[in-house]
Structure formats: structure tokens, C-alpha cells
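The values are calculated or read from the model by the stated rules, or taken from the named source; none is laboratory data. The shown structure was predicted, so the numbers you read here are calculated from the model rather than taken from an experiment. Here the Cβ is made from the backbone with ideal geometry for all residues, glycine too, and neighbour counts use every protein chain on show. With ligands, DNA and RNA removed, areas are computed over all heavy atoms of the protein, side chains included. Shrake-Rupley method; radii C 1.70, N 1.55, O 1.52, S 1.80 Å.
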Amino acid sequence: MGYVLNFTLIWRHFDKLWSGLILSLELAVLSIGIGCIIGLALAILYVSGGRILRSLIAAYVEVIRNVPLILLVYLVFYGIPTVFDFAYSNTTSFVVTLSAYAGAYLVEVFRAGLDAVPRGLIDAGKAIGLTPFQRLVHVRLPTMLRIALPALSNTFVSLFKDTSVASVIAVPELTYGAQWINFNTFRIMEVYLVVTGLYLVTGYAILIGLRALERRYAIGR
Amino acid sequence: MLDQIAYAIPFLLPGLLVTIEVSLITVAVSTVIGIVLGVGLVYGPAALRWPIRGFSDIIRGIPILVLLFFVYYGLPLTGLNLQSFAAAVLGLTIFKIAQVIEYVRGAIETVPRGQMDAAKAIGLPFHERFFYVIAPQAVRRFLPPWLNGVTDAVKGSALISLLGVGDLLFGIQKVVARTYDPLALYCFGALLYFVMNYALSIASRALERRFSYIRE
Amino acid sequence: MAASSSATTPLLRVRAVQKSFGSTHVLRGIDLEVARGEVVSIIGPSGGGKTTLLRCVNFLEPYDQGSIAIDGVEVGYRGDETRKRRSERDLARMRAETGMVFQLFNLFPHLTALQNITLGLTKVRGLGRAEAKDKAMHWLGRVGLTDKADRLPSELSGGQQQRVGIARAVAMEPKILLLDEITSALDPELIGEVLDVVLSLAAEGMTMLTVTHEIGFARDASQRIVFMAEGTISAEGPPAEIFSANQSNERLRSFLARFSAAHRL
């Protein structure tokens, strides 16, 4: 192949990629945070609630998980403001979407974790006289979090990668920065090589950090 | 709202077919190549294992969207001129291969080591150990993630509209541009994807039950 | 709740308790009394309902019919005509009066040995942090694990975990201690250290109801042996009588014969 790599233009515009990466991380952290709150709340409601509540939560999870993220992004950004009379920035709109998306995946992670808490531990909590709420707070949730850690790590990293979809509504995150350089400098190979490197390094750094946390806290079943 | 959707259907039908076609090709090709590479990753010599490991880790470490852009915009520079459809299928397939490799590795590793030892002890050669002893037990662990992956493929295929491939989402975008009723159409589109994927997940649960005879 | 703690009423009174799991009739009318300070051991073939009976006593397992009372107070169901199931809050309060030690220890894996004991003391008994810690350390000392206070269960041997389990139960100062096959998950060389703790508690007058496969322990520690088979109490009496060579109960005799053959007693 007669193509010669030349990274000069990439370095000249590297600030676009760097600020993009920072924004990607911010989007991920924010959405994962909100998603965790949604997921945890719904998982607790799911395991303790009645049939109707369960069906509603299951419906939310199934709908989100079976529809492409990009379609949800369009739906929230272009669709919702046409009906409800308010406007939000593309960034806010994406955070709303990814949070709802993350919530659906995290409900499943937390719910599976709660199911995996050994019965004997709950019995032990009952035996020393803990009320259901105390059992939830002091026995089930702490055990569940440790059981769910590996699955949580994977979900977090995959949500970080999902922030790339924000580029389709021009949120200036990393993938958007890549496209900008792609179309303005035509150093296409170079920019995607650099961006691939950035995603890889960041993604694996997150994963390594979370794995360290797992080694510290995770408990075998 | 209903007439909007009635208006949209002729636009969406060809797109729906493209989505199904792309998903089918992606899943079929990636399954074959992924299984071969996955077995290579587990049993191959180091010279084979390391490149496969590297390929899988890199591809799974980047967003599928970046991979699609890379293939679509980047490959022509190397002299390989791909139509958007081919580029889309190639990008999605590469991504899926990396996933299938991991499903295979995970599935094989859940088969206890003693099984391989026992098969060696009765004198089976490698390919017979694999096909008669390991593979039948690994299938049960391979199927659930692989079946989930089919849904992922359908969802992932929505990204190819960004390369100008006329898939379902592309069709929806076209109609939105004409009718200016994004909410109704995106909801309808979400419904179509949901029905497709939900049907797939119900089918996959049935298939899993079919293979549940293999005990832990 | 009319608690009649007179010395004549038994501490635990089980009357005509029945329990089924689906179509399996596990308890077929159990009557049993345990007096204050008494140690009663339940022996018998597996599947005979021993563990289920024990789990009914603190209502980990709801029973279908009959009544169970501790210190004159109905467990699980209200003592009045309605026999309505008690609220979870009431159940929690009742369960705090019974201590339980489990076959598989069931220590909380995220808490240290010390924290496993203080959890109930602070949350259920309402003790302050320092007071709870003192008490927990006292009991850790009693089971010989003062130096393991800050270890997680995963860092302890099975025997050590089970001793923490015992400390967790007795630190709550329960009226009665329920021991559910507490040595059957332990390696043989670790059984002794656990049984020693139980024997010392028995010597101090702790009321205990145990399910055990350790016939020797049952003989040495208990005032009374209850033999359960097929969901009923088939024989009952002091160890000397139960283990006597001219035992008239056919089922008990064959159980003991098979048992001593297997364990070379």
C-alpha cells in the first residue's frame, strides 16, 4: 500500500481529541451515576414489589435493551422536544438518553446480584433479629454489590464506549472530534489510529482500576 | 399519527429488509470465523494465540462506531475501495468476530480440565477430543451469550445508516425529513426494532432450553 | 403478649406442629418441650425433619399447623384466635430472642469477625458502638479468637468461622440457642474446637436445642435426646436410656447400629 502515515495535522488539532475524550469521560461518569441510581432503585423495587410493579420494570428493561441506542438518542433529542414544550442542549439530551439506557442494563446487573445473595446470609440476618429493611441495608446490598462487581465493571466500560454515539447529535466528544479532523484534514487513517489508541488506553485503564477494586472487594459465590 | 405511519411504511420496508440482511450476514460470517479463531485462541500455539488475543482485545476495546468509520473512511486510502454496504458489513463483522472469539473461549474454559485429560487417557486424537468431548459440553455455555449477540448485531446495524446504507433507521430518517414528525416515527421505529429483537430473544430462550440437557 | 415467665412453664413449647413442602409432609405433629437451662439434642436419619423443626422455632420456616411458643409467647403467629402471621417487625423482635448457628456458618462475607457480631448488637439491641465492641470482643475471647477480630470470614478456617458464628449468636444473649448441624461442614480435625465452645456454654446453663450427627457430643452434652424419623418424634429420653443396648424402639436401634457401623463408634 502506497499510503504514508503523517500525524502532523493530528497533533495540530489534538486539543479537539483531548477535550473530546474529557467530555466522553464526563458523559460516561454522569450517565453511569444516574443509571446506577435508577438501576439500584428499580432492582430493589423489583425484588420487593408486587406483580404490576415488576411488569412495569421488566417492560422498561426490555424496551430499552431491544432498541438501538442511536435510535433512542434521536428519539430523545429530536422527538421529545416536538411534543413537550421545552428544549435541551444536545449534551443534556444525550445524558438523559444514556442514563435511561444505563439504568435498564444496571437493573439487570443489580437484580441478578440480589438474586445471587445466598439464602443462608439472609437467614443469618433474620436469625439475629434484623428487620427486612435492616437486612436489605446491612446484608443484601453489601453482598450484592460485591457479587455484581465483575458484571458492573464490564457494563461501565461498555457504557463508556457507548458515549461515541453522542457524535450523531454533534456532541463534541471524542468520536465527534475524530470526525471533525477526518473531514477537515483528511488524515483519516491517522486520526482513527490515534482515536482508537485513546479509546483503548482509557477503556482499559478504567477496566484495570475496576478489576483492582474487584480483587479487593469481590467475594466468590 | 396513524396516517403518518401508513405513509412511512413503503419507505421503511426496504430498510427493514436491509437491516435483516446485514444482521444475517454479520452473524453467519462472524460465527464461522469467530469459532475458528476462538478455538485457535484456546488451543493454538503462541504464534497464533497472541495475534488473536490482540485482535480481540483491540476490537472489543473501541466503540463500534469508530470501527465503522475507520473501515468506511480509512480503507479506501489503502486502495481498497468498498461500497458503503460492503464497508458496513465488514465493520460489523469484524466487531462481531471479536465477540464470538470471547464467547468460544469462555465456553471452552468452563469445561472442566479433567474432561480433556479423560479424553486423552482413552487415546482420542485432538480433533476427536474436541468434537466428541469438549464441544458438546461447551455448546451450552456458548449459546446464551451468542444468542444475546444476535440481538446486539441487529441493534449495532442501526449505526450503518451513518455510512449512508439504506437500513431501517435510514428509512426512518428519510421519512422524518419529509414529514417533520420525529416523535411518531422514532417511536414506530423503536417498536419495529423491539418486535424484531424481542422475537429473537424469545426464540433464543426456547433454543437454550433445548440445550439445557447438558448439566453443569 | 402475655409472657408468663414462671419457672414451671417450659422455655420452648412445641405443640402439634405440622409442615409440608408441597406434597412432602415433613413434620407430622411434633410435640416437644425444652426447659430453662436444658440441652436437648435431636438426632435421626437425614430427611427426617430435624433441621426443618429447628428452623420453625425461629420462624425461618413458617409452619402450617400447631403452635410454637418461647417463654409463653407464640412465635410466628399471633397467639389470639386470628392466628395471623406476625408483622416482620414483630418477627425480627422474636428472632432476636433465639440465637441460631448454621451448618454453613453463614457469616456475612463483607464484615470482619468483630463486625459480624456487632451488627446485631448495634442494630437490633441498640447498643452504642463502644459497648457493642466490648461485648463482641468478650465473646470473641470466649471462643478463642481475640486475635482474629479484624479478619474477614474468607481469611478464617472453617472451625474459626463457626466459632465466630457461635459468638455472633450468643452475644445477643438469646433465651435459647439453636444449633443446626454446626459441625457437619467441618473437617474432622476442626470439630473438636467448635464442640468445646458449645460444651462450655452448656456448662454455664445456656438453653440449647441442637440438631447433630455427633452422637458422642449428643450423649455428653445433652440432658435429653430426641430421635426424629419421618417427621415424627419416635423416641425421647435421657442419653443413657436412648443409647442403652436394650433399646426397645426398633427404628432407633437400627439407626444407631448403622450409625456406629459407619462411624466405628
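Results, tabulated for the structure shown:
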quantity	calculated
Neighbour-limited loop hits for chymotrypsin sites (Phe, Trp or Tyr not before Pro), the stretch B:156-216 (at most 12 other Cβ within 10 Å; DSSP other than H, G, I, E, B)	B:TYR180, B:TYR213
DSSP-loop GluC sites (Glu not before Pro) across the stretch C:1-108, with at most 12 other Cβ within 10 angstrom	C:GLU81
Accessible area buried, both sides summed, chains A and C with 1.4 Å probe, Å²	1800
The stretch A:111-171: relative contact order as a whole-number percent, Cα under 8 Å and 6+ apart	40
Å² of accessible area per residue within the stretch B:2-210, as computed with a 1.4 Å probe and no ligands counted	46
Calculated [θ] (222 nm, deg cm²/dmol) that DSSP helices of n ≥ 4 give over chain A, each run adding -39,500 (n - 2.57)	-25000 deg cm²/dmol
Accessible area of the stretch C:208-265 belonging to carbon and sulfur atoms, whole % at 1.4 Å probe	49
Cut-off of 10 Å, at most 16 other beta carbons, DSSP loop: longest stretch of chain A lacking such chymotrypsin sites (Phe, Trp or Tyr not before Pro)	A:89-185
For the pair B and A, total buried accessible area rounded to nearest 100 Å², probe 1.4 Å	3200
The stretch A:8-217: relative contact order in percent, alpha carbon pairs under 8 Å with at least 6 residues between	32
Rounded D (µm²/s) - the protein assembly as shown, Kirkwood Rh over Cα pairs, Stokes-Einstein at 25 °C, 0.890 mPa s	82
Listing of the stretch A:1-40 residues, each with accessible area lower by at least 20 Å² in the full protein assembly than in the chain alone (probe 1.4 Å)	A:MET1, A:TYR3
Those residues of the stretch B:67-90 for which accessible area with every protein chain present is at least 30 Å² below the isolated value (1.4 Å probe)	B:PHE69, B:PHE70, B:TYR73, B:LEU77, B:THR78
Sum of side-chain charges, C:ALA69 neighbourhood, beta-carbon under 12 Å (Lys, Arg +1; Asp, Glu -1)	0
Bridge type composition, chain C - antiparallel percent by DSSP, nearest 5	55
Angle between chain B longest axis and helix B:135-156 axis [Cα atoms, degrees, rounded to 10]	20
Within chain C, longest stretch free of exposed trypsin sites (Lys or Arg not before Pro) [DSSP loop, at most 10 other beta carbons within 10 Å]	C:85-263
Relative contact order of chain B, pairs being alpha-carbon contacts under 8 Å that are 6 or more residues apart, as %	31
List B:VAL71, B:VAL42, ordered by accessible area with a 1.4 Å probe, largest first	B:VAL42, B:VAL71
Average other protein chain Cβ within 10 Å of Cβ, residues A:135-143	3
Links that overshoot a 18 Å alpha carbon limit, given the list A:LYS126/C:LYS175; C:LYS123/C:LYS148; A:LYS161/B:LYS155; B:LYS96/B:LYS174; C:LYS19/C:LYS50; C:LYS50/C:LYS175	C:LYS123/C:LYS148; B:LYS96/B:LYS174; C:LYS50/C:LYS175
Span-rule helices in chain A, defined as complete DSSP H runs reaching 24 Å or more along the axis (Cα) with Kyte mean at least 0.5	A:14-48, A:90-116, A:141-162, A:188-217
Accessible area per residue, Å², the stretch C:8-121 with all protein chains present, probe 1.4 Å	38
Accessible area per residue in Å² at 1.4 Å probe, computed on the stretch A:76-181	33
